[in-house]
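One structure is given below, encoded as structure tokens.
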Amino acid sequence: MTFSPELEARFEKFLAKYPADRKRSAVIPMLIYAQDEVGAITDELVQEVAKRTGATPLQVTEVVGFYSMLHRKPQGKYHVQVCTNISCLLVGGAELWEQACHKLGIGHKETTKDGRISIEEVECMGACSWAPAVQVNYDFYHDVTPEQFDKLIDGLAAGKKPEEIAEVKKVSC
């Protein structure tokens, strides 16, 4: 499998961090960065990561199945995750989720026809103190109101980047 020179360099950096008997520790970061470049975790990608890390393809597949941020099918350019765990649920997370499905006309792990937005209901983002929480790609938004959520979705649908949508509170990590 062929990757960009930048991703190859990143892979080498990951693998260099670990002793020979611990290369499997690089499986998750390699999968995340490769997914961003390739678009999804394919069988070919699983084989490649297994070969490079000394893991078996089954072990890599188990990792993919366990972590919700790893996807077997391509996501939208903007992958919107809405938390509906208890803290978010109590302050409007379920309503934000229903609103997203209705507004976009898609459901859990589906993508709009134009490929711009996909949505996913998630159990926890670890942001209980700032609920309800929403994530777009790798950006987190806390204390999201229904009005802010609509503006976020409208902006993404119109082709704006998340950082160009000022109405929503983005959290820097």
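The single condition among (1) surrounded by 19 or more Cβ atoms within 10 Å (Cβ to Cβ); (2) at positive phi that Gly115 does not satisfy is (1). Tell me yes or no: at least one residue of the range 53-65 is buried (at least 19 other Cβ atoms within 10 Å of the Cβ), without any contact (Cβ under 8 Å) to a residue 40 or more places away in the chain and more than 26 Å from Met125 (Cβ to Cβ). Checked the range 53-65: at least one residue is buried (at least 19 other Cβ atoms within 10 Å of the Cβ), without any contact (Cβ under 8 Å) to a residue 40 or more places away in the chain and more than 26 Å from Met125 (Cβ to Cβ).
Quick check on the range 106-128: of everything there that is out of contact with any strand residue (DSSP E or B) (no Cβ under 7 Å at 6 or more places or on another chain) and without any contact (Cβ under 8 Å) to a residue 12 or more places away in the chain, which residue is nearest to Leu89 (Cα to Cα)? So the residue we want is Gly126. Residues in the range 6-29: is at least one within 18 Å of Leu58 (Cβ to Cβ), within 17 Å of the chain's Cα centre (by Cα) and of a type outside the set (Gly, Ala, Ser)? Looking for residues that are within 18 Å of Leu58 (Cβ to Cβ), within 17 Å of the chain's Cα centre (by Cα) and of a type outside the set (Gly, Ala, Ser), one finds at least one in the range 6-29, hence yes.
Checked against (1) within 22 Å of Ser87 (Cβ to Cβ); (2) surrounded by fewer than 19 Cβ atoms within 10 Å (Cβ to Cβ); (3) modelled with pLDDT under 90, Ala157 passes all but a single condition, namely (1).
Counting only helices (runs of 4 or more DSSP H) wholly contained in the range 39-154, no element carries 3 or more residues that are in contact with a His (Cβ under 7 Å, 6 or more places away or on another chain) and in the same structural domain as Ile165 (by TED's automatic domain parsing).
Among residues of the range 1-24 that are in contact (Cβ under 8 Å) with a residue 24 or more places away in the chain, those with a beta-carbon under 6 Å from a residue that is β-branched (Val, Ile, Thr) at least six positions away or on a different chain give the pairs Lys23/Thr53; Arg24/Thr53.
Of everything in the range 108-145 that's among the β-branched types (Val, Ile, Thr) and in contact with a helix residue (DSSP H, G or I) (Cβ under 7 Å, 6 or more places away or on another chain), which residue is nearest to Asn85 (Cα to Cα)? Only one residue fits best here, namely Val134. Filter the range 6-39 down to the residues that are in contact with an Asp or Glu (Cβ under 7 Å, 6 or more places away or on another chain) and not hydrophobic (A, V, I, L, M, F, W, C) and list them by number. Of everything in the range 6-39, nothing turns out to be in contact with an Asp or Glu (Cβ under 7 Å, 6 or more places away or on another chain) and not hydrophobic (A, V, I, L, M, F, W, C).
Selection of the range 130-149 for residues being without any contact (Cβ under 8 Å) to a residue 24 or more places away in the chain and either crowded, with 20+ Cβ neighbours inside 10 Å or farther than 15 Å from Tyr78 by Cβ (or both) yields Glu147, Gln148.
The values are calculated or read from the model by the stated rules, or taken from the named source; none is laboratory data. Note that the coordinates shown come from a computational prediction; the quantities given were computed from them, not determined experimentally. We place every Cβ from the backbone using ideal geometry, glycine too, and count neighbours over all the protein chains shown.
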